[in-house]
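Engineer: Have a look at the structure that comes next, please.
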Amino acid sequence: MLRCLARQGTQKTTLDDVAKEAGLSRATLYRQFPGGKDAVMAAVVETEVARFYSGLAVAMGGARDLEEALVVGMVEAARRITEHRALAYLFELEPGVLLPHLAFGEMDKLLDEASRFAAPFFARWLEPKQASRAAEWAVRIVLTYVTNPTERTDLRDAGDARHLVRTFVLPGIQALCAEQTIDTRATQEATR
């Protein structure tokens, strides 16, 4: 299905195309996916999301510090999204398929899921609440730069990502940590 999507998108891809690409009969495909094209698409999305997170886990799991975890996570995510042929086709020629998942309530679900994935990698250096906030910021940054590319910053480039992390993300996290320390002290003093 991915090859079909990368060549002709969702609108033109038929189950016959998918069966032919897979070397299966249409009947066999329907036996495996009784829901038809929607069921095949759902299985493909589930598989690709799992691959995406698996690749990120490998990249971020080896990080030696928070900066490295942020940089490798952003670079890996940006590369996997922008270099995915089917996603590239959809972003360029069928944006209406993807954009509903990047707006309003659906965007909140995406941010929540991606942040829950990334937070434990940052929790090695941050308190859980801070790790969750940092994860959400990182996800928002990746989505912003991937969906609205600029010539100045390419998150697929480790140097560009490191510059962005050092200039904006780490100072924001440090401010968040300082704010939480002040709040904790105020709470402790109030309970004395």
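Engineer: Right, ALA69: modelled with pLDDT of 95 or more, in a loop (DSSP other than H, G, I, E, B) and touching a helix residue (DSSP H, G or I) at 6+ places or on another chain (Cβ under 8 Å) or not?
Structural biologist: Here the answer is no, as ALA69 does not meet what is asked.
Engineer: Continuing with this model, one more query. Please go through (1) crowded, with 20+ Cβ neighbours inside 10 Å; (2) more than 13 Å from the chain's Cα centre (by Cα) for ALA114 and return the number of the only condition it doesn't satisfy.
Structural biologist: Checking ALA114 against (1) crowded, with 20+ Cβ neighbours inside 10 Å; (2) more than 13 Å from the chain's Cα centre (by Cα), the one that fails is (2).
Engineer: Another question, if that's okay. Would you check if VAL97 is assigned to a helix (DSSP H, G or I) and over 14 Å from the mean Cα position of the chain (by Cα)?
Structural biologist: Taking the combined requirement at face value, the residue satisfies it.
Engineer: Right, here's the next one. Do you know which residues across segment 1-29 are among the hydrophobic types (A, V, I, L, M, F, W, C), out of contact with any Leu (no Cβ under 7 Å at 6 or more places or on another chain) and over 21 Å from LEU87 (Cα atoms)?
Structural biologist: LEU24, ALA27 - these are the residues of segment 1-29 that are among the hydrophobic types (A, V, I, L, M, F, W, C), out of contact with any Leu (no Cβ under 7 Å at 6 or more places or on another chain) and over 21 Å from LEU87 (Cα atoms).
Engineer: Considering only residues that are surrounded by fewer than 15 Cβ atoms within 10 Å (Cβ to Cβ) and of a type in the set (Lys, Arg), look in segment 117-145 and name the one that is farthest from LEU66 (Cα to Cα).
Structural biologist: Applying the filter and picking the extreme gives ARG140.
Engineer: When you scan segment 135-192, how many residues do you find that are under 24 Å from PHE121 (Cβ atoms), at pLDDT below 90 and β-branched (Val, Ile, Thr)? Give the derivation first.
Structural biologist: In the first step, residues of segment 135-192 are kept if they are under 24 Å from PHE121 (Cβ atoms); the result is 135-147, 153-181, 184.
Still in the running and at pLDDT below 90: 176-181, 184.
Keeping just the survivors that are β-branched (Val, Ile, Thr) gives 181, 184.
So the answer is 2.
The values are calculated or read from the model by the stated rules, or taken from the named source; none is laboratory data. Quick caveat, the model's predicted, so the values are computed rather than measured. Please note: Cβ atoms are built from the backbone with ideal geometry, for glycine as well, and neighbour counts cover all protein chains shown.
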